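Written out below as structure tokens is the structure these notes cover.
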Amino acid sequence: MAENFDIKLEEAKYYTPQAHCREQSWIGDYNQAYQEFLADPDGFWDCVARELEWFQPWDRVKEWNYPYARWFLNGKLNITHNCLDRHVYDQRRNKVAIMWRGETEEEERILTYRQLFQAVCRFANGLKRLGVGKGDRVCIYMPVVPEQIVAMLACARIGAIHTVVFGGFGVSALNQRITGTDAKVVVTADVTYRRGKAIPLKNIVEEAVVNAPSVERIVILRRDDDKPVELHPEMEVDYYNLMEGVERECPAEPMDAEDPLFILYTSGTTGSPKGIVHTCGGYMVGTYYTTRNVFDVKDNDIYWCTADPGWITGHSYGVYGPLLNGATSLIAEATPDYPDPGTYWDLIEEYGVTIFYTAPTAIRMFMRVGEEWPNRYNLSSLRILGSVGEPLNPEAFEWYYHIIGKGRCPIVDTWWQTETGMHMVTTMIGEPMRPGFAGKPIPGVVADVVDMAGNPCPPGTGGLLVVKEPWPSMMRTIWNDDERYCKYWNTIPGCYTAADLAVKDKDGYIMVIGRSDDLIVVAGHNIGTAEVESALVSHEAVAEAAVIGKPDALKGNSIKAFVILRNGRDPGEKLRNDLVYHVRMTLGPIAIPSEIDFVESLPKTRSGKIMRRVLKAQELGMDPGDISTLEE
Ligand code: ATP
Ligand code: MG
């Protein structure tokens, strides 16, 4: 990266939450909590781990053998014991664990902790019947239904390694993940419903297992009772038949803290997806701690994370984190704009959601269609709002804060990755929030913005976002690609590189300004994509924007912007000029786009992230690389 990398930061503007937010939060005073962690990092995580139940305590909190960490050495546990048994044998036996809602109002299911526990035990025994055991890989390719979560937990119960594949992926992406992990069993469903249409998952699986010799059995959840799909007995088993006639109880397999829990592929935003390996002990401790403290989950909360369990957000904060905390969660097979853009607000009102966690892509879509949609609903149950996946632009923050949170709800913009397993940077409840800035490292995490030599960048100077100390839920390796794992720790001395660019303000708040892969160098100046995109989105006509660099003989690169307008706005030469002028005023002349295209949509991953490399490839007539995760 070039030396001069100054970021034009606007004058600091903070929102200070009401005093009760901090006073009543689990975390209390952030600075104090952070100092306590710094004073004794191992002691800090030791205390957290003790809040959970272990079959055998650990000898040592961690062993750090750069770049390999082991956590809770020789500790024995099972994450499902902490997600289920612990609650069932305590006061939460009849507490609702999961409220599921299908695409239509008629479809609803509610599972208490006891019911979920029983389903998991039965399905786990069913998997055993198929010969699945500790260390075997099971691929879960399902819609968002309770059975998906049951399948994940059942694997964890018996020590099988799950690899969840988002139910919207096609044949080749699924095949890659099955063969990449040598899955023994695939768990799927006949159909998934999206926007009123039934998508036949089973047909996709049938194609995806051709040339996947590791697969011995396919378990199929048959949702359509009217016309149950036919099963081929040599390979296929019905989900509920598998659970029949098995023992009711299934003891939780004692797992070593370092045994793998799951493999999950990254979103594929910047390149071909990586199979991230997470382990039982550290992952449990990290997701338990962050769910409790970042979302401040209490026993009477109704918690809703809109992410599909096919992504890390769904794993950590849709399934494991809330269950570890004994929370009541809503899960929904819902699309934010189907049948209309009021769907999410309707669900929040109906279920009385108190903690809501979603992605900037959804927030920007809601901004585009207008505030009349949320304004039709009573959103007063909301207490905390969360965001994850991409930078939450200041404009989107403001909208979320005022229109959805009515100025009452703290927003936690959580920066983290599949690789980190848990939240790394955010603004803890009660702390002043700065729009556009994720915040500071959470207690337990040492993160910073540094140059290529690993030296901290001064405020206002951009650099790489890194983590400087191991943390419990860090990935342990990349499946079958340890070399690629080592790269994360060997690019910058002493640091884990997240490959994101960021800048700190003078108070230590961190703003993510883009991916280092997408960095645009214009006349020797480094420009993060998010900077220009945020500037564009702050124009009242713009709903969403993506920028790329194009080779330019004079400047090295020029900036091209792709812009989606808010509903009802006319694209035209006048607006184009306005936008250029707006960016010039916001960021200065160096960042102005030399071309602006008005578009209806942007290429995104199925998890809703803008794939700038696809725009760039289109623009330059290059090969876009792995596009298996591209949304249709
Ligand atoms: P791949 O690694 O395959 O290119 P990906 O990085 O999008 O895909 P994920 O692990 O799902 O895969 O996403 C992590 C990335 O998402 C982060 O590195 C960061 O770029 C972005 N991100 C997540 N949360 C935030 C946030 N709150 N603010 C800014 N960026 C975020
Ligand atoms: Mg990544």
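Summary of values
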quantity: In Å, descending, principal axis extents of the Cα set of segment 358-447; calculated: 42, 24, 19
quantity: For segment 119-215, with +1 on Lys and Arg beta carbons and -1 on Asp and Glu, the positive-most of 199, 210, 132 along the dipole; calculated: 132
quantity: Cα convex hull of the chain, projected area averaged across orientations, nm²; calculated: 26.7 nm²
quantity: Nearest-ten-degree value, helix 280-294 long axis tilted from longest Cα axis of the chain; calculated: 50 degrees
quantity: Net dipole in debye of segment 351-421 [+1 Lys, Arg Cβ; -1 Asp, Glu Cβ; about Cα centre; nearest 20]; calculated: 300 debye
quantity: The chain: angle of helix 113-129 to the longest principal axis, Cα-based, in degrees nearest 10; calculated: 70 degrees
quantity: Residue list for segment 419-433, given a label point 7 angstrom along the Cα-to-Cβ vector of residue 31 and an amide N cut-off under 14 Å; calculated: 431-432
quantity: Per residue value of the accessible surface for the chain (all protein chains in place, 1.4 Å probe), Å²; calculated: 37 Å²
quantity: Given 62/184; 134/468; 227/274; 8/609; 8/574; 274/406, the pairs whose alpha carbons are separated by over 28 Å; calculated: 62/184; 134/468; 227/274; 274/406
quantity: Per-selection metrics, segment 33-80 (Cα): Rg and Dmax in Å; calculated: 11.7, 32
quantity: Relative contact order, percent, the chain [alpha-carbon distance under 8 Å, six or more residues apart]; calculated: 14 percent
quantity: Size of electric dipole in the chain: Cβ of Lys, Arg +1 and of Asp, Glu -1, about Cα centre, debye, nearest 20; calculated: 420 debye
quantity: D (Stokes-Einstein, µm²/s), Kirkwood Cα radius, segment 567-632, 0.890 mPa s at 25 °C; calculated: 175 µm²/s
quantity: Centroid-to-centroid separation of segment 579-620 and segment 301-357 [C-alpha atoms, Å]; calculated: 30 Å
quantity: The chain, helix-only ellipticity at 222 nm - DSSP H runs n ≥ 4, -39,500 (n - 2.57), divided by all residues, nearest 500; calculated: -7500 deg cm²/dmol
quantity: Those residues of segment 295-315 whose amide nitrogen sits under 17 Å from the label point placed on residue 90, 7 Å along Cα→Cβ; calculated: 296-301
quantity: Listed residues 355, 590 arranged by accessible area, highest first, probe 1.4 Å; calculated: 590, 355
quantity: Where N is the number of residues in segment 1-44, Cα Rg divided by 2.2 N^0.38 Å; calculated: 1.84
quantity: Length gained when the stretch residue 490-residue 38 is fully extended (0.36 nm per residue, less Cα-Cα span); calculated: 160.3 nm
quantity: Whole-number percent relative contact order across segment 295-359, with pairs defined as alpha carbons under 8 Å at least 6 apart; calculated: 43 percent
quantity: Average Cα contact separation per residue, segment 423-569, under 8 Å, 6 or more apart, as relative contact order %; calculated: 17 percent
quantity: Extent along principal axes [Cα atoms of segment 168-242; Å; largest to smallest]; calculated: 34, 28, 15
quantity: Approximate spin-label separation residue 66-residue 632, in nm, with each point projected 7 Å along Cα-to-Cβ; calculated: 4.9 nm
quantity: Modelled FRET efficiency - R0 35 Å, residue 227 with residue 340, Cβ distances, 0.05 increments; calculated: 0.75
quantity: Cα-Cα P(r), segment 201-317, percent of pairs per 10 Å interval; calculated: 10, 24, 35, 26, 6
quantity: Overall form of segment 102-195 per C-alpha gyration tensor (a/c, 1.5; a/b vs b/c); calculated: oblate
quantity: Solvent-free Debye scattering, log10 I(q)/I(0), computed from the Cα coordinates of segment 483-632 at q = 0.12, 0.14, 0.18 Å⁻¹; calculated: -0.56, -0.76, -1.19
quantity: Estimated distance in nm for a label pair at residue 13 and residue 622, the labels positioned 7 Å out from Cα along Cα-to-Cβ; calculated: 3.6 nm
quantity: Distance histogram for segment 282-381 (every C-alpha pair counted, 10 angstrom bins, percent rounded to whole numbers); calculated: 15, 47, 29, 8, 0
quantity: Estimated translational D of segment 1-121 in µm²/s (Stokes, Kirkwood radius over Cα pairs; 37 °C; 0.692 mPa s); calculated: 168 µm²/s
quantity: Inter-label distance for residue 550 and residue 211, nm, one decimal - labels placed 7 Å from Cα along Cα-to-Cβ; calculated: 3.7 nm
quantity: Apportionment of accessible area to carbon and sulfur, the chain, percent (1.4 Å); calculated: 48 percent
quantity: Positive dipole terminus of the chain, leading residue within 475, 511, 521 (C-beta point charges); calculated: 475
quantity: For segment 82-199, size of Cβ-based charge dipole, Lys and Arg +1, Asp and Glu -1, in debye; calculated: 380 debye
quantity: Cα coordinate range in segment 308-464, projected on the principal axes (Å, largest first); calculated: 51, 33, 27
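The values are calculated or read from the model by the stated rules, or taken from the named source; none is laboratory data. Please read all numbers here as calculations on a predicted model, not as lab measurements. FYI the Cβ positions are ideal-geometry reconstructions off the backbone, even for glycines, and counts take in every protein chain you see. In case anyone asks, the SASA skips ligands and DNA or RNA and just uses the protein heavy atoms, side chains included. Shrake-Rupley method; radii C 1.70, N 1.55, O 1.52, S 1.80 Å.
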